[in-house]
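Starting off with a structure, shown below.
Any read-out appearing in this document is the output of simple, stated calculations on the displayed coordinates, not a laboratory observation. Being a predicted model, the structure only gives us computed values, none of them experimental. Glycine also receives a Cβ, built like all others from the backbone with ideal geometry; neighbour counts cover every protein chain displayed.
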Amino acid sequence: MALAFRLWEIAVARPALSTSAVVDAALAVVDELGATALTLANVASRTGVATPSLYKHVGGLADLQKLVGVRILDEMTARFSSAAMGRSGDDAVAALMREYRAYAAEHPKRYPLAPVDPLHDPAQREAGVRLLEVMLAALREYGLSGSAAIHATRRLRVVVHGFASIEAAGGFGLPEELDDTYEQLIDMYLASLRRD
C-alpha cells in the first residue's frame, strides 16, 4: 500500500512528459540561460528526468533544435496574423512590422533560434510556409505577385530582422529615440512597396 501511494505521489507531482512539454522546457532553458544553454542535459534537468528519457520524445539535440524552431515560427505566425487581422495595405504591413520587432524584443534569447531558412528543411517547411503566407497576405493589397512579392517579403524581413538584431545586441548607442528610427524604416519600406 505504501509503495502504491508513493508511485501515485510521483505520478501526480510530475506530469507525463510529451514532445510538447520537452519543447516548453527547452524554451524555458533558452529564455533563462540563452541559446548556448540548450542542451539535452539542461532540458532533462528542467523536466526532472534523466537525459536518456528525453529520447522517447525527441531524436536528439538536433531534432529538439528543429522543434524549437518550429515553435518559434508558429508563435511568430500567430502574433503576426493577429496584428494584421482586419487591416489592409499600409496599416496591415506596419502592424505586422511592429509586432515582428515586439516579438524579437520580448524574446531576445529565443528569437535568434528562429530558423534562417525553414523552407529548405523538411521538418520546418510547413511552419515556414505558414509564416510566409501571413507576410504575403499582408502585402496582397499592393498587387504584388510572383518574384515581386517574394522580393518585397525579403525586404520586409531584412528591415525588421536587421533592426531587431542590432537592437537586441545593444548596437544603437546614440540617444535618438529608437521608436522614431523604426517608424522611419516602416515608412521607407511602405514607400518602396508603392514604387513596385
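Hey, how many Å between the Cα centroid of region 42-71 and the Cα centroid of region 141-163?
Between the Cα centre of region 42-71 and that of region 141-163, the gap is 34 Å.
What percent does the relative contact order of the chain come to when contacts are Cα pairs within less than 8 Å and at least six residues apart?
19 percent
Still on this model: Which entry in (i) 27, 18, 14; (ii) 33, 21, 15; (iii) 39, 19, 14 matches semi-axes √(5λ) of the Cα gyration tensor in Å derived from the coordinates of this structure?
Of the labelled values, this structure produces (iii).
Evaluate the charge dipole of region 68-196 about its Cα centre and quote only its size in Debye, nearest 20, assuming +1 on the Cβ of each Lys and Arg and -1 on the Cβ of each Asp and Glu.
That gives a dipole near 420 debye.
Counting alpha carbon pairs within less than 8 Å and at least 6 residues apart, what relative contact order, in whole percent, applies to region 61-145?
Relative CO of region 61-145 lands at 41 percent.
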